[in-house]
1. Go through the range 220-249 and give me each residue that's over 24 Å from THR55 (Cβ atoms) and in a loop (DSSP other than H, G, I, E, B).
2. Looking at ALA67, ALA43, which is the one that is touching a residue at least 24 places away in the same chain (Cβ under 8 Å) and either over 30 Å from LEU362 (Cα atoms) or in a loop (DSSP other than H, G, I, E, B) (or both)?
3. Name the residue that is nearest to GLY173 (Cα to Cα), counting only residues in the range 300-328 that are of a type in the set (Gly, Ala, Ser), out of contact with any helix residue (DSSP H, G or I) (no Cβ under 6 Å at 6 or more places or on another chain) and buried (at least 21 other Cβ atoms within 10 Å of the Cβ).
4. Hey, can you tell me all the residues within the range 328-368 that are touching a residue at least 40 places away in the same chain (Cβ under 8 Å), assigned to a loop (DSSP other than H, G, I, E, B) and either farther than 18 Å from PRO21 by Cβ or aliphatic (A, V, I, L, M) (or both)?
5. For the range 84-99, give me the residue count where each residue is over 16 Å from ASN73 (Cβ atoms) and in a helix (DSSP H, G or I).
6. Just one of the numbered conditions (1) crowded, with 20+ Cβ neighbours inside 10 Å; (2) more than 18 Å from the chain's Cα centre (by Cα); (3) polar (S, T, N, Q) is not true of SER82; which one?
7. Take residues that are under 23 Å from GLY86 (Cα atoms) and tell me which of the strands (runs of 3 or more DSSP E) falling wholly in the range 119-219 contain 3 or more.
8. Give me a count of the residues in the range 14-28 that are open to solvent by less than 50 Å² (accessible area, probe 1.4 Å) and in a loop (DSSP other than H, G, I, E, B).
Amino acid sequence: MLIDPCELSPSYVRSIAPYQPGKPVSEVARELGLKEQNIIKLASNENPLGIGPRTRAAIEAALGDIARYPDGNGFELKQALSARYGVDMASIVLGNGSNNVLELVALAFLGPGRAAVMSQHAFAVYPLATQARGARSIVVPAKNYGHDLEAMVKAIDDETYVVWVANPNNPTGTYARPDELEAFLRKVPERVLIVLDEAYNEYIQRDLRADPVKWLRRHPNLIVTRTFSKAYGLAGLRVGYALAHPSVADIMNRVRQPFNVNSIGLAAAAAALDDMEFVARSFAENLNGMRQIEEGAGELGLDFIVSFGNFLTVRVGKAGEIFKRLLRRGVIVRPIGGYGLPEHLRVSIGTAAENEKFLAALSASLKE
């Protein structure tokens, strides 16, 4: 009898349920016979403003060297990040989006016989990355849809090596205050790594933001991850990074692929980091759009989870059916039944016109 090659893979890999990204516009157009220009995508928390002028200029300038391999060390981008945050370049790990950085944590520090603690309703990559290494996921029930940090500390056992914390959390948008996080950091054993995923940090109001760099100096077991995919508009180029103690960053860099960030992405991210005018405009656009969606949901009599990101999670009842009705009207949002929220849809904040179209389509879909 022939051997099934799939059986050669570890059982914990074979049992992984693949990550389901938001449906692309082209796929919806093909499936439903719609024109792409009439479809809006509010499913993947992308920046509706695109990219800033400095970033565009950097991309165009970098095209001349596209036949060359990128700088495997990412010197220019690391130098810019080092100057921005006041950390040593040895404390920086670059990734193909922050997802890749999260995978590097799991690859470097998790494995069979080890465990990771995470919250219910937290980002799907945490259990995927944990399971892919053969480690055990310890899922702590959420508190008001957010992280119950006290319960997460209590859930740490002798096999726990990593604790995943998303702040703000995706897909719920919930946020733990700086004082809550500081208390949490003090309680987690020093032998356990804490991954603070701040992919949506730029959308938090400044008076509410934490300063995790100062925490890094006091807690060598802390890893802070961020991305250029959201407020900076570089989702298609995939650039993320981690700030960590140099010894932790060194281990992560040992398992990192040499050219995991492409040359266009490196140049674009370095320019985007310096384009704070565009980031400020993105923040303002998101704030206005959030109010627009919140008010619209309220007028429809729908509950929503207060969000600190660039998306809003709304309770619509039969979410799977409403999602399909919205698709037929050319609006792509994100069903999140896989996150344990079968009655909710997550909608990214778009332009004012896109938000208006979504709300009109949602109103019609609820009445259908």
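1. Going through the range 220-249, the residues over 24 Å from THR55 (Cβ atoms) turn out to be 220-223, 244-249.
Scanning the range 220-249 gives PRO220, ASN221, HIS245.
2. Details: ALA67 fails: touching a residue at least 24 places away in the same chain (Cβ under 8 Å).
Every option except ALA43 fails the conditions.
3. Restricting attention to the range 300-328, the residues satisfying the condition of being of a type in the set (Gly, Ala, Ser) are 301, 307, 309, 317, 319-320.
Next, from what is left, pick out any that are out of contact with any helix residue (DSSP H, G or I) (no Cβ under 6 Å at 6 or more places or on another chain): 301, 307, 317, 319-320.
Restricting the remaining residues to those that are buried (at least 21 other Cβ atoms within 10 Å of the Cβ) gives 307, 319.
On the way: SER307: 4, ALA319: 18 Å.
Only one residue fits best here, namely SER307.
4. Selection gives GLY330, VAL333, ILE336, GLY340, LEU341, ILE349, THR351, GLU368.
5. Result for the range 84-99: 5.
6. Exception for SER82: condition (1).
7. Details: elements: 136-140, 160-166, 193-197.
So the answer is 193-197.
8. Let us first name the residues in the range 14-28 that are open to solvent by less than 50 Å² (accessible area, probe 1.4 Å), namely 16, 22-23, 25-26, 28.
So of that shortlist, the ones also in a loop (DSSP other than H, G, I, E, B) come out as 16, 22-23.
Number of matching residues: 3.
The values are calculated or read from the model by the stated rules, or taken from the named source; none is laboratory data. Quantities reported herein were computed from a predicted structural model and do not represent experimental measurements. Neighbour counts are summed over all protein chains in view; Cβ atoms, including those assigned to glycine, are modelled from backbone coordinates with ideal geometry. In case anyone asks, the SASA skips ligands and DNA or RNA and just uses the protein heavy atoms, side chains included. Shrake-Rupley method; radii C 1.70, N 1.55, O 1.52, S 1.80 Å.
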